[in-house]
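Every number in this text was worked out from the coordinates using simple rules, so none of it is lab data. It should be emphasised that the depicted structure is a prediction, and the values quoted were computed from it without experimental measurement. Neighbour counts run over all protein chains shown; Cβ positions are idealised from the backbone, glycine included.
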Amino acid sequence: MAFYFRRLCYFPALLLVVIQLLHGVCGQLVVVEEPTYAPPPPLVVIEEPTSSPPPPLDVVNEPIFAPPPPLDVVNEPISAPPPPLNVAEEPLSAPPPPLHVVEEPISAPPPPLVKQDGNDAIVPALFVFGDSLIDNGNNNNIPSFAKANYFPYGIDFNGGPTGRFCNGLTMVDGIAQLLGLPLIPAYSEATGDQVLRGVNYASAAAGILPDTGGNFMGRIPFDQQIHNFQTTLDQMASKSGGPVAIADSVARGLFFIGMGSNDYLNNYLLPNFPTRNQFNAHQFGDLLVQHYANHLTRLYNLGGRKFIVAGLGRMGCIPSILAQGTDGKCSEEVNQLVLPFNTNVKTMISNLNQNLPDAKFIYLDITQMLEDIIANPAVYGNYQILS
């Protein structure tokens, strides 16, 4: 049994939960209990790698642009509640209403829920890093088997296939609209002033580890996506008066990161990769999160301060895994395999929040969200059940 939501390739409820989480991102940031002037202690998650430790990332040691000025919201009294978002005025305990986007005609994209003119956006920019779940065309012009710029992809998207692995909009498209931003362009297509409102660097088949997805040939791993973000910063600086001028915009921007699924599907679980012989499930989860923490710290050093990091869902229930079985049931072995990764990511986020001044990292519990949607589908509005 599967659920099909018109237009959005992810669940409308997930969009509402993200917006509710943004109370902690766009409001007062009070999660850093240490004084911001104290030097951060070393991250717990990057202690001793289970294999040989990854080489230090040169980019982390390079001087960054100018450090962003302190966020005004950090200086507000801790007791002051964050202002409510326009798009989530209902109590958090109330079941989310159906999104307007699923009730619009399929032929036209849904209107934004927040005005897109000038300063009406909740955040100045959205920067997206990830894989095929949120790729919007970065693989179109590279030699790769992981492409979606042909039908039936995009059958509900105004303009047809774009490179989104989806019939219509993706999760981050919906988030951008709810934040009052335009659809965020792919890095491969972003031009002119578009980069000032954000860029999507996600690439199908990409992973946290650089070798992940090699079976698809071309893809853009996480470290290369971060390198592309550095290029964007140079472009933004040239359009807005230099690195100091863009520092505040980058610091107030939202970074959405969804990585890790391909490190299992297109690395650990494939017989032509050595990782399964080198690491057990817990060791591999440790290795992934060590690299993950380094990459996220690198984004922090480049000016990012507000991050949403998505965990992995029940990957034993996805079509490619179901197709390998004979009974049509989810693979509990695969579901259990990714649990150490999610556990480690939660610990990593806690450490980053404690040790990186002014940073705010939020964990998006995809597993819990999907399980609730499956258990209570009628609560989430307009849906169809496909047998």
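Any idea which residue in the range 209-221 is farthest from Thr162 (Cα to Cα), counting only those that are touching a Phe, Trp or Tyr at 6+ places or on another chain (Cβ under 9 Å) and either surrounded by 24 or more Cβ atoms within 10 Å (Cβ to Cβ) or of a type in the set (Lys, Arg) (or both)?
From the range 209-221, those touching a Phe, Trp or Tyr at 6+ places or on another chain (Cβ under 9 Å) are 209-212, 214-218, 220; that's our starting set.
Those still in the list that are either surrounded by 24 or more Cβ atoms within 10 Å (Cβ to Cβ) or of a type in the set (Lys, Arg) (or both) too: 209, 212, 220.
On the way: Leu209: 26, Thr212: 24, Ile220: 17 Å.
Out of the qualifying residues, it is Leu209.
Based on what the data block shows, is Val244 over 24 Å from Leu133 (Cα atoms), β-branched (Val, Ile, Thr) and in a helix (DSSP H, G or I)? So Val244 passes the test. For the range 157-199, taking the residues that are buried (at least 19 other Cβ atoms within 10 Å of the Cβ) and of a type in the set (D, E, K, R), the one that is nearest to Asn140 (Cα to Cα) is identified as Arg164. Within the group Lys360, Lys346, which residue is under 30 Å from Gly253 (Cβ atoms), without any contact (Cβ under 8 Å) to a residue 60 or more places away in the chain and either buried (at least 18 other Cβ atoms within 10 Å of the Cβ) or under 15 Å from the mean Cα position of the chain (by Cα) (or both)? After applying the criteria, what remains is Lys346.
Across the range 276-286, what is the total count of residues that are under 17 Å from Gln336 (Cα atoms) and either touching a Leu at 6+ places or on another chain (Cβ under 6 Å) or touching a residue at least 24 places away in the same chain (Cβ under 8 Å) (or both)?
7
Annotation: of all residues in the range 199-214 being under 15 Å from Leu299 (Cβ atoms) and outside any loop (DSSP other than H, G, I, E, B), the one that is nearest to the chain's Cα centre (by Cα) is Asn200.
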